[in-house]
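A.B. asks: Supplied in structure tokens, the structure appears directly below.
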Amino acid sequence: MSDHIITLNAGSSSIKFALFATDGGEWPRQIAIGQIEGIGVSPEFEAKVAAGGKTKRALTGAETPKSHDDALKIIIGWLSETFPDAKIAAIGHRVVHGGPIYSAPMLIDDASYKVLAGFSALAPLHQPHNLAGIAAAGRAFPGIPQVGCFDTAFHRTQPFVNDTYGLPPEHYEEGVRRYGFHGLSYEYITSRLQERDPAALRRLVVLHLGNGASMCAIKDAKGQASTMGFSPLDGLLMGTRCGQIDPGVLLYLMQQKAMSAAAISDLLNKKSGLKGMSGVSSDMRDLEASAAPSAKQALEYFVNRIRRELGSLMAVTGGADALVFTGGIGSNSTFVREHVLAGMEWAGIVFDSAANQARAEVISAPGSAVKVYVMQTDEEAMIARHTIRVAKLAEAPALATA
């Protein structure tokens, strides 16, 4: 049996996981994927095996996880039962923030863990939970290599002018920078395009559109500019996040409305975006089906922000040879793709509506100067690939339910 690796993506009340076989291919082979959601509230376990078969159940009674450690034990138990011969050689983790220091995946030890913990102030809604997953995995798999893969790393190649703000330089040195996020998704897309259409990487814009949404300008396979900045709040309208906002609005809310930092954070992160604007839902499918005028307005604003950023990012790369739509909305919403690309002939994009409705992989017309792809992203596969390389896999002990 080949070695296996587990990938983990720990959130505030969830752990997403996947199991990969490392049997010699260019890309590791996913054999299972799943998650536990609602840790500490109403937890549910869900998993799917690549060979076929799904399981979903509420976690109640003695099985109720109260922490990431508890949740990981349940995941390990299911993996042990489902794949008794699997030998775990390494654990790969999604870590939202690598700060200004880490620009590539790395083995996590006590020293680097402490450095990553120091970046929690830069990503307070994500980093502590990523670290909790790393700590839980360390206790469950002592001695097994753990690899951190950073959402910010892909963007560390962007030039200074796209990495900074118009503030005194001491703030930049302290870490106030345009970090960009969704880097693992962008790296996966560029890696796959390198295999099938290397010319597309010369001048590329990727649209990662989902509950979290961002766009990235890429030149010669390297990140040049992202719509997200210091935090994942910036840029496009998202499911519940506001996206771009004038800082003067925040000063107004603090000074005139006496809102606290916590209240403003809650407003911007959880009560805004598609859901906040529409008053209907954060789910694009619900909004497309809704007759509510507010839902239409939210969709129009969402599309308008994308179109404005698309023009901006194409200016960064001096035009585009290709665009890629990815993420849950980008891959699935024919409505969004059509409204984003309508009338973009001035930019060399000739849209093929029939191909879009047919959910084709290429939705640009044959004569279009810019090729437009629709691709599924796979951040777990990217983490797994990095983990294999960084951990330099060797013989590993059998999976246990520690």
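A.B. asks: Among the residues of segment 42-49, are any among the aliphatic types (A, V, I, L, M), more than 23 Å from the chain's Cα centre (by Cα) and either at pLDDT below 90 or surrounded by fewer than 18 Cβ atoms within 10 Å (Cβ to Cβ) (or both)?
C.D. replies: No, segment 42-49 contains no residue that is among the aliphatic types (A, V, I, L, M), more than 23 Å from the chain's Cα centre (by Cα) and either at pLDDT below 90 or surrounded by fewer than 18 Cβ atoms within 10 Å (Cβ to Cβ) (or both).
A.B. asks: Mind checking which residues of segment 65-75 are within 24 Å of the chain's Cα centre (by Cα) and within 20 Å of GLN30 (Cα to Cα)?
C.D. replies: Within segment 65-75, LEU72, ILE75 meet the criteria.
A.B. asks: Out of ALA291, ALA354, ALA384, ALA360, I need the residue that is in a helix (DSSP H, G or I) and surrounded by fewer than 22 Cβ atoms within 10 Å (Cβ to Cβ). Which one?
C.D. replies: Just a single option satisfies the conditions, and that option is ALA354.
A.B. asks: Right, something else. Within segment 5-43, can you find the residues that are aliphatic (A, V, I, L, M) and in a loop (DSSP other than H, G, I, E, B)?
C.D. replies: Once the filter is applied, which keeps residues that are aliphatic (A, V, I, L, M) and in a loop (DSSP other than H, G, I, E, B), segment 5-43 yields ILE39, VAL41.
A.B. asks: Filter segment 144-181 for residues that are closer than 17 Å to GLU380 by Cβ, touching a residue at least 60 places away in the same chain (Cβ under 8 Å) and either over 16 Å from the mean Cα position of the chain (by Cα) or in a loop (DSSP other than H, G, I, E, B) (or both) and give the result.
C.D. replies: Of everything in segment 144-181, those that are closer than 17 Å to GLU380 by Cβ, touching a residue at least 60 places away in the same chain (Cβ under 8 Å) and either over 16 Å from the mean Cα position of the chain (by Cα) or in a loop (DSSP other than H, G, I, E, B) (or both) turn out to be VAL147, PHE181.
A.B. asks: If I filter segment 185-196 for residues that are of a type in the set (Ser, Thr, Tyr) and part of a loop (DSSP other than H, G, I, E, B), do I get at least one hit?
C.D. replies: no
A.B. asks: List the residue pairs whose Cβ atoms are under 6 Å apart, where the first residue sits in segment 14-39 and is within 15 Å of LYS392 (Cα to Cα), the second is surrounded by 20 or more Cβ atoms within 10 Å (Cβ to Cβ) and of a type in the set (Phe, Trp, Tyr), and the two are 6 or more positions apart or on different chains.
C.D. replies: As it stands, the answer is PRO28/PHE20, since those pairs meet every condition given.
A.B. asks: Contact list please: Cβ distance under 9 Å, first residue in segment 100-120 and touching a residue at least 60 places away in the same chain (Cβ under 8 Å), second residue basic (Lys, Arg), pairs at least six apart or on different chains.
C.D. replies: From segment 100-120, the pairs are PRO100/ARG156; PRO100/ARG177; PRO105/ARG389.
A.B. asks: Mind checking whether some residue in segment 60-67 is under 21 Å from PHE20 (Cα atoms) and in the same structural domain as PHE20 (by the TED database)?
C.D. replies: Checking segment 60-67: not a single residue is under 21 Å from PHE20 (Cα atoms) and in the same structural domain as PHE20 (by the TED database).
A.B. asks: Still on this structure, I have one more. Is it fair to say VAL340 is aliphatic (A, V, I, L, M), out of contact with any Cys (no Cβ under 9 Å at 6 or more places or on another chain) and outside any helix (DSSP H, G or I)?
C.D. replies: Against the criterion (aliphatic (A, V, I, L, M), out of contact with any Cys (no Cβ under 9 Å at 6 or more places or on another chain) and outside any helix (DSSP H, G or I)), VAL340 does not qualify.
A.B. asks: Of everything in segment 141-173, what is surrounded by fewer than 20 Cβ atoms within 10 Å (Cβ to Cβ) and at pLDDT below 95? Give them in sequence order.
C.D. replies: Of everything in segment 141-173, those that are surrounded by fewer than 20 Cβ atoms within 10 Å (Cβ to Cβ) and at pLDDT below 95 turn out to be PRO142, GLY143, ILE144.
A.B. asks: Of the residues in segment 243-278, how many are surrounded by fewer than 20 Cβ atoms within 10 Å (Cβ to Cβ) and not in a helix (DSSP H, G or I)?
C.D. replies: Qualifying residue count, segment 243-278: 9.
A.B. asks: Let me ask something additional. Going by the structure shown, is GLY235 in a loop (DSSP other than H, G, I, E, B), at positive phi and not assigned by the TED database to the domain that holds LYS271?
C.D. replies: Taking the combined requirement at face value, the residue does not satisfy it.
A.B. asks: Does at least one position in segment 20-34 carry a residue that is touching a Gly at 6+ places or on another chain (Cβ under 7 Å), more than 26 Å from HIS97 (Cα to Cα), assigned by the TED database to the domain that holds GLN127 and crowded, with 18+ Cβ neighbours inside 10 Å?
C.D. replies: Scanning segment 20-34, I find no residue that is touching a Gly at 6+ places or on another chain (Cβ under 7 Å), more than 26 Å from HIS97 (Cα to Cα), assigned by the TED database to the domain that holds GLN127 and crowded, with 18+ Cβ neighbours inside 10 Å, so the answer is no.
A.B. asks: Still on this structure, I have one more. Tell me the residue from PHE302, PHE325 that is buried (at least 17 other Cβ atoms within 10 Å of the Cβ) and part of a strand (DSSP E or B), please.
C.D. replies: PHE325
The values are calculated or read from the model by the stated rules, or taken from the named source; none is laboratory data. Given the structure is predicted, the values throughout are model-derived calculations rather than measurements. Glycine gets a Cβ as well: all are built from the backbone with ideal geometry, and neighbour counts include every protein chain shown.
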